[in-house]
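Shown next, in structure tokens, is the structure this report addresses.
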Amino acid sequence: MSTVEIFNPRTNKWTKSTPMRTLRSRVGVSVLEGQLYAIGGYNGNERLDTVEVYDPKEKKWRVVAPLTCPRR
């Protein structure tokens, strides 16, 4: 999947957001300085070493430096 949904705890609702650039499942996620990182995962064929970061102000994903090896 590349779809992204954002949860708003104030309204208790989910809304769709900008899709990631890469299809991935089993992805690791983290937040750093207000930005969401999608780390590794699986695209249906192979394990990924790619990393994307989402900027909520810009509402855009961008690719950053890859992992040194695919995330297992």
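Where a number appears in this text, it was derived from the coordinates with a stated rule and is not lab data. No experiment lies behind these values; they were computed from the predicted model shown. Cβ atoms come from the backbone with ideal geometry, glycine included; neighbour counts cover every protein chain shown.
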For the pair Phe7 and Arg62, what calculated FRET efficiency results from E = 1/(1 + (r/R0)^6), where r is the Cβ-Cβ distance and R0 = 30 Å, to the nearest 0.05? 0.85
If you place +1 on the Cβ of every Lys and Arg, -1 on the Cβ of every Asp and Glu, and leave all else neutral, what size is the dipole of the chain about its Cα centre, to the nearest 20 Debye? 200 debye
Quick one: Kirkwood hydrodynamic radius for the chain, alpha-carbon pairs, angstrom, one decimal? 12.7 Å
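Fewest to most neighbouring Cβ within 10 Å: what's the order for Thr22, Thr68? The partial results should precede the final answer.
Values: Thr22 16, Thr68 6.
Going from sparsest to densest Cβ surroundings: Thr68, Thr22.
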